[in-house]
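What follows is calculated from the coordinates using simple rules that are stated; it is not laboratory data. Note that this is a predicted model, so its numbers are computed, not measured. A quick note on method: Cβ atoms are made from the backbone with ideal geometry, for glycine too, and the neighbour counts reach across all protein chains shown.
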Amino acid sequence: MKFKRLSNSSLLILCLITLLFYSAVTSSETVKTDTSTSEQSEASEATTIAPNLDLKEVAPLPEPIPEPIPDIVDEPDIDDSIEKLESQDKDEPVIKKIPEEAPALNTQEIVREKLVILGSEVPENSSTRLAWSPQITISGLALPTPVLVINGANPGPTVCLTSAIHGDELNGIEVVRRVMYDIDPSKLSGTLIGVPIVNLQGFQRTSRYLSDRRDLNRFFPGEPDGSLASRIAYSLFTKVISHCNYLIDLHTGSFRRNNLPQIRANMSDSKVAEFVGAFDKIAVVHHAGSPGMLRTVANQSGIVAVTMELGESLRIQENQIDAGTHSVNSMLDKLEMYPRTFIWGEPKPAYYESLWLRVESGGILFSEMGLGDRVSQGDVLGVVTDPITNQSTELVSPVKGNIIGMAVNQVVIPGFAAYHIGIESTQEAMAQVETDQIPSDVNTDGEVIDPE
């Protein structure tokens, strides 16, 4: 049988037809493969499984998971930019993200969802160390901030503990460590997230402030393209705090002042008042909080938040740490998150309104009363002595109450707030106080008194 030789043009046409057919087949397979790969990518995105660690064991620092490169978006028009700038000038902070509301204290009806935080999935019945980095330093010198996460075997709320937002406040760091390292995930209902040292820059420099001299606890919820403090606040709030149902922000007294263990909370908020009732016997001071504070913004975002004050800055005080640890453990027990057999009875918090007693003449302060002492109207709390003239002035309590905060002995000037006196009240009475009647930590003359 003879075959007719094809011309060059016929061969070219045959090759083109073959290529077109092959292209169609491979294109179909590529679409299927791309679709499958895309689905797998979406399923695996930000779901790196975190290692299950015993937090008591010594381990190397965790490495932060690289963030995905954001998609390129169109630049906002001028009207949007003006509106954004105007919103930043308002007194009230702009809330960027509204987390889910905190569940009721009864945890039986909470639906369990997969926990994905900081780019890692934390399985149930496990504990791990993760790394948070706000990406605000030189990349080669960046030091990530450790975040401790315990995801319990049983469903429940998410409680977050933050400490050292001010880098010189040390007692809270040890409270977070003791609470987190003493939890067995198999017995925990819910999730515990602990950030022992939020302000790593200040901690390394033993400074209250960030390296740019800003107070981080006045910049929440922050802005992704704002100042250094604003960027750190935004990163912490969106990456960590947004996962919380309840938040305890741990602090100490500032500017050489010492605080009795106490909870500061906006008792006009019914959910906050209910949460405060879960703590053990501890002083509770009615305080709404200032704009830009983590506690204030968290409450505005639907997260039930309080501040815990423990002692004095730049010191490790065992009695203060013990009181704070016991109080947090009591709260976990009352929320039915973690049973504590060593807690007996039904101790209740002690509620206080408060006022500050100020110095009228300058000199050296010598206290005659101590932290926690009960005082009556007319009692002498301390004496201010002028070292040059030897003139002494007594500081006399104007009310009956308890000393819940005081300055350590030091040189003082007229107007200096020396003693914080708590006046016994009730939860119901404190809830009736209007927000604008609650004493602020900033005076009309701009002085900051014992800020959180």
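Local charge sum around Ser397 (other residues, Cβ-Cβ under 15 Å, Lys/Arg +1, Asp/Glu -1)? Show your work: numbers first, answer last.
Values: positive: Arg358, Arg374, Lys400; negative: Glu353, Glu360, Glu368, Asp373, Asp379, Glu394, Glu424.
Taking every other residue near Ser397 into account, the sum is -4.
Please report the base-10 log of the normalised intensity I(q)/I(0) for segment 355-422, using a Debye sum with one equal scatterer per alpha carbon and no solvent, at each q in 0.25, 0.26, 0.28 (1/Å). Each listed q maps to, in turn, -1.05, -1.13, -1.28.
Summing charges over neighbours of Gly324, with a neighbour being any other residue whose Cβ is under 14 Å away from its Cβ, gives -4 when K and R count +1 and D and E count -1. Database remark: amide H of Ile117 closer than 5 angstrom to the amide H of Val122 (H placed geometrically; neighbours at sequence offset of 5 or more, or on other chains; Pro and chain starts carry no H). Fewest neighbouring Cβ atoms within 10 Å first, the residues Trp132, Trp356 line up as Trp356, Trp132. Averaged over residues, the count of other Cβ atoms within 10 Å places the peptides 271-277, 215-221 in the sequence 215-221, 271-277, highest first. Around Val58, what is the net charge, scoring Lys/Arg as +1 and Asp/Glu as -1 over all other residues with Cβ under 15 Å from its Cβ? So the environment of Val58 carries a net charge of +1.
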